[in-house]
1. Please determine whether any residue of the stretch 93-114 is in a helix (DSSP H, G or I) and under 28 Å from residue 195 (Cα atoms).
2. Scan the stretch 147-165 for residues that are in a helix (DSSP H, G or I) and either buried (at least 16 other Cβ atoms within 10 Å of the Cβ) or of a type in the set (D, E, K, R) (or both) and jot them down.
3. Which of the residues that make up the stretch 233-268 are assigned to a loop (DSSP other than H, G, I, E, B) and of a type outside the set (D, E, K, R)?
4. Please specify each residue of the stretch 294-313 satisfying the condition of being within 13 Å of residue 235 (Cβ to Cβ) and either of a type in the set (Asp, Glu) or not in a strand (DSSP E or B) (or both).
5. Taking residue 230, is it of a type in the set (A, V, I, L, M), surrounded by 13 or more Cβ atoms within 10 Å (Cβ to Cβ), in a loop (DSSP other than H, G, I, E, B) and touching a residue at least 12 places away in the same chain (Cβ under 8 Å)?
6. Can you find, within the stretch 15-60, the residue that is modelled with the highest pLDDT among those that are of a type in the set (A, V, I, L, M) and crowded, with 23+ Cβ neighbours inside 10 Å?
7. Please go through (1) exposed (fewer than 15 other Cβ atoms within 10 Å of the Cβ); (2) farther than 30 Å from residue 109 by Cβ; (3) out of contact with any Cys (no Cβ under 9 Å at 6 or more places or on another chain) for residue 279 and return the number of the only condition it doesn't satisfy.
8. If only one of 271, 318 is closer than 16 Å to residue 237 by Cα and assigned to a loop (DSSP other than H, G, I, E, B), which one is it?
Amino acid sequence: MAHSHDHGAHDDDHGHDHDHDHPGHHHHVPADFGRAFAIGVTLNTAYVVAQVVFGLLANSVALLADAAHNLGDVLSLLLAWGASVLVKRQPSGRFTYGLRKTSVLAALANAVLLVFVTGAIASEAVHRFLHPSPVGGWTVVWVAALGILVNGGTAMLFFRGRDSDLNVRGAFMHMAADAVVSLGVVFAGIGILLTSWTWLDPAVSLAISIVILWGTWDLLRDSVKMSLDAVPEGIHLHEVRKYLDGLEGVTEIHDLHIWPMSTTETALTVHLLMPRGHPGDAYITCVCEELKSRFRINHTTVQIEIDPRVPCALAPDHVV
């Protein structure tokens, strides 16, 4: 590749924003969410066991369906919990970014898991429509009512982190949706007690499937995008390009890439053509700080090219 570099007295011609390595500047899952994950996993595991036992005793597919869903949530909480630990691992000779991307993989795995669980619930509900059987209404009501408390309480553990991390948002959404689903199962149990309509049980199961799919779609979409290194939500490429184009001394930009390093961290690389010469480290540092404050991009690498007559192998912009 033909590049024009200005090495001068400094290390190289790259500008790096290192603030993400200092305490108080990174945006990983806070340490206290470890306790939230532990409490959530314990409560939901106990509740799944209760749902299975009483679902079998009451012959309720709605309870068993919700148990399968909650089991999926236990696994998703474990995945998210594990990822929140792994993202803090230090870089190594093989994993030079550390294991930050595990948070994205966990979010994707959680979304896919929920889709499969939904299919199993819907299949069993259809079977019960075709082959109805009696359901213990009171058992359904009380066990589902307990679910409102368990799921609602677990959701509140992740409430304050829902806007800053995809995994925490996934945990919050799952638990909040489960609380609503449990409320629906309560209504189904009451309806069966009042009317003896056993079809209410599989009907609620199908409604549960729809709720799960609706709540999972955003998580699935966002985690797939992150896995493919798409520009993170909330960051607009054209605005970043406009800012960089307007920098003093810049006559051209190319090889601009923005991608998620994890569910909470964003990286950027760009080549700036500056024919007047290298502007110095202070200039680069200022650009990095501005990208962080304006666009929440906290890991920036800038390459300066000063000779327009020497073509860059990564120009023009469509070259990757």
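1. Taking the stretch 93-114 as the starting set, the residues that turn out to be in a helix (DSSP H, G or I) are 102-114.
Still in the running and under 28 Å from residue 195 (Cα atoms): none.
No, the stretch 93-114 contains no residue that is in a helix (DSSP H, G or I) and under 28 Å from residue 195 (Cα atoms).
2. Of all residues in the stretch 147-165, those in a helix (DSSP H, G or I) come to 147-157, 159-161.
Scanning the stretch 147-165 gives 147, 148, 150, 151, 152, 154, 155, 157, 160, 161.
3. Of the residues in the stretch 233-268, the ones assigned to a loop (DSSP other than H, G, I, E, B) are 233-236, 246-251, 261-265.
Those that are assigned to a loop (DSSP other than H, G, I, E, B) and of a type outside the set (D, E, K, R): 234, 235, 236, 246, 247, 249, 250, 251, 261, 262, 263, 264.
4. 294, 295, 296, 297, 298
5. Values: of a type in the set (A, V, I, L, M): yes; surrounded by 13 or more Cβ atoms within 10 Å (Cβ to Cβ): yes; in a loop (DSSP other than H, G, I, E, B): yes; touching a residue at least 12 places away in the same chain (Cβ under 8 Å): yes.
The answer is yes for residue 230.
6. Here is the first cut: in the stretch 15-60, the ones of a type in the set (A, V, I, L, M) are 29, 31, 36, 38-39, 41, 43, 46, 48-50, 52-53, 56-58.
Applying the additional criterion that residues be crowded, with 23+ Cβ neighbours inside 10 Å yields 29, 36, 58.
Details: 29: 41, 36: 82, 58: 77.
This residue is 36.
7. (1)
8. Working: 271 fails: assigned to a loop (DSSP other than H, G, I, E, B).
One residue alone meets the criteria, 318.
The values are calculated or read from the model by the stated rules, or taken from the named source; none is laboratory data. On a predicted model such as this, the values are computed, not experimentally measured, just so you know. Please note: Cβ atoms are built from the backbone with ideal geometry, for glycine as well, and neighbour counts cover all protein chains shown.
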